[in-house]
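The values are calculated or read from the model by the stated rules, or taken from the named source; none is laboratory data. Quantities reported herein were computed from a predicted structural model and do not represent experimental measurements. Because the Cβ atoms are built from the backbone with ideal geometry, glycine has one as well, and the counts that use them run over all protein chains shown. We work out accessible area using only protein heavy atoms, side chains counted, and drop any ligands, DNA or RNA first. Shrake-Rupley method; radii C 1.70, N 1.55, O 1.52, S 1.80 Å.
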Amino acid sequence: MAYFSDRSFEMGREEALELLKNGSAIELGERADAVRRKLHSDRAYYTVNAAITYSNICEVLCPICSFSRKEGQEGAYLLTPDEVRERAKKFSEMGAEEIHIIGGIYSKLPFSYYIDIVKAVKSADENLNVVAFTASECALMSRVSGRPLGEVYAKLKEAGVSALPGGGAEIFEKSVRDKIAPDKLSADEWINAMRIAHSEGLKTNATMLYGHIETPESVVDHLFRLRELQSETGGFKAFVPLPFRRGASKIPAKSSASYDLKVCALARIVLGNFPHLRVPITHYGDRFAQVLLNFGADDIGGTHWREEVATAAGAAPEDRDENFMRRAIIAAGFEPVKSNSNYAV
Ligand code: SF4
């Protein structure tokens, strides 16, 4: 399925690689902006959402991750379905319309736990849109329950999941993936998990974690593999580039605004068959997200409130409330449009 039918914007692998290596950010930005304007004119999307991270216990322990803890390690936690419900209720009262749920890879959790936490969110407010679980978590559910992945997705959908967030793609290229996330799903497994989700009618995003040890070749490879899968399934809503932050990880981080501009602009051009390019304001900051709206992006992501905020009595929802999102978009010269992860406006 080609979302964007004007193929004159499409770029081949060699040209993409050359531009990423030696092209100017401005040149790429102009081309990306032409694609972005053709698809979305001057509209820019945002979501009023919140995140519930049900557990940080993880058995995979990717070198790139600062978030995970081993079972029993100080700081490790696991929320009960009741705690998830309580948080969802608070977020709903604060005005959130969508809840993102992700956690670590913890094989002691039965499949029923995941179903229960999704139902817990829906029981707090049935109108909350639930975007939940990475491909790795869904593969784990398949393993612990002995159900094929398609059945796992069907059950999650039945419980109230309306889309998958698309995390865990990292970088597909093996030599890089082996260093940053050696024990995670392989690239082929991630791609196949998305293929099955799309065939079950679940729309997903696709992420790319960049700004660490990847090469220009691995970025281009990642984008073209996503473009191929989208041509086959049409199930991706948005591409979401994620700049790596080192945190406690031993993997070094590259930090270059010019590289960020080029990666985002290149993605918009190569992924002409993806409806949206989301640059999460939580990752890029409001000023840089505003700039990226002129380099191919059409979506600054969600308010992404977190539990610390919900539990702080009377606290304002950080500085990112709906007005903040709208003002950021207007200040950048675009028209704000509130949506959810399925781009229901
Ligand atoms: S699987 Fe996810 S939570 Fe676990 S270590 Fe890797 S990135 Fe962190």
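Packing order of peptides 256-263, 165-172, highest average first: 165-172, 256-263 (average count of other Cβ atoms within 10 Å over each peptide's residues). Counting protein heavy atoms only, region 22-167 has 48 percent of its accessible area on carbon and sulfur, 1.4 angstrom probe.
Near the amide H of R69, under 5 Å away, which other amide H atoms are found, from residues 5 or more places off or on another chain, if H is placed in the peptide plane? Distant-sequence amide H within range of R69: I57, C58. Scoring 288-300, 196-208, 131-143, 70-82 by mean Cβ neighbours within 10 Å over their residues and listing the highest first yields 288-300, 131-143, 196-208, 70-82. Relative to the longest principal axis of the Cα atoms of the chain, the long axis of helix 13-22 makes an angle of roughly 80 degrees. Converting phi to 3J(HN,Hα) with the Karplus coefficients 6.51, -1.76 and 1.60 and the offset θ = phi - 60°, region 205-210 yields 9, 9, 9, 8, 8, 10 Hz in sequence order, with x at every glycine or proline. Over every Cα atom in region 201-345, the radius of gyration and the widest Cα-Cα span, Dmax, amount to 16.0, 48 Å. In this label model, E83 and N323 are separated by 3.4 nm, measuring between points 7 Å along each Cα→Cβ vector. Between L61 and E27, what FRET efficiency comes out of the Förster formula 1/(1 + (r/R0)^6) with R0 = 35 Å and r the beta carbon distance, rounded to 0.05? Efficiency computed from Cβ-Cβ geometry: 0.30.
The alpha carbon radius of gyration of region 83-153, expressed as a multiple of 2.2 N^0.38 Å, is 1.15. With 0.36 nm allotted per residue and the present C-alpha distance subtracted, the E158-N127 stretch has 9.7 nm of extension available. Hey, which of these cross-link pairs are over 31 Å Cα-Cα: K108/K254; K70/K90; K157/K184? Among K108/K254; K70/K90; K157/K184, the Cα-Cα distance tops 31 Å for K108/K254. Per residue, the accessible area of the chain comes to 41 Å² when a 1.4 Å probe rolls over the protein heavy atoms.
Global size of region 14-125: 20.6, 53 Å for Rg and Dmax (C-alpha atoms, Rg to one decimal, Dmax whole). Between the helical axis of 322-331 and the longest alpha-carbon principal axis of the chain there is an angle of about 0 degrees. Its convex hull of Cα atoms gives region 136-236 a direction-averaged projected area, equal to a quarter of the hull surface, of 6.2 nm².
Karplus-derived 3J(HN,Hα) values for region 153-166, using 6.51 cos²θ - 1.76 cosθ + 1.60 with θ = phi - 60°, are 4, 4, 5, 5, 4, 4, 6, x, 6, 10, 6, 9, x, x Hz; glycine and proline are entered as x. Kirkwood hydrodynamic radius computed over region 189-276 comes to 13.8 Å, based on all pairs of distinct alpha carbons. Could you give log10 I(q)/I(0) at q = 0.08, 0.10 Å⁻¹ for the chain, computed by the Debye formula over C-alpha point scatterers of equal weight, without solvent? Log-scaled intensity ratios, in q order: -0.35, -0.57.
May I ask you to give the percent of accessible area on region 214-345 that is carbon plus sulfur, with a probe radius of 1.4 Å? Here it works out to 51 percent.
The string of couplings for region 95-109 from the Karplus curve (6.51, -1.76, 1.60, θ = phi - 60°) is x, 5, 10, 9, 10, 9, 10, 9, x, x, 9, 10, 6, 7, 7 Hz, one whole number per residue in order, with x for Gly and Pro.
Report, to the nearest 10°, how far helix 25-40 tilts away from the longest principal axis of the Cα atoms in the chain, using its own Cα long axis and a range of 0 to 90°. The helix 25-40 is inclined about 70 degrees to the chain. The antiparallel fraction among DSSP beta bridges confined to the chain stands at about 5%.
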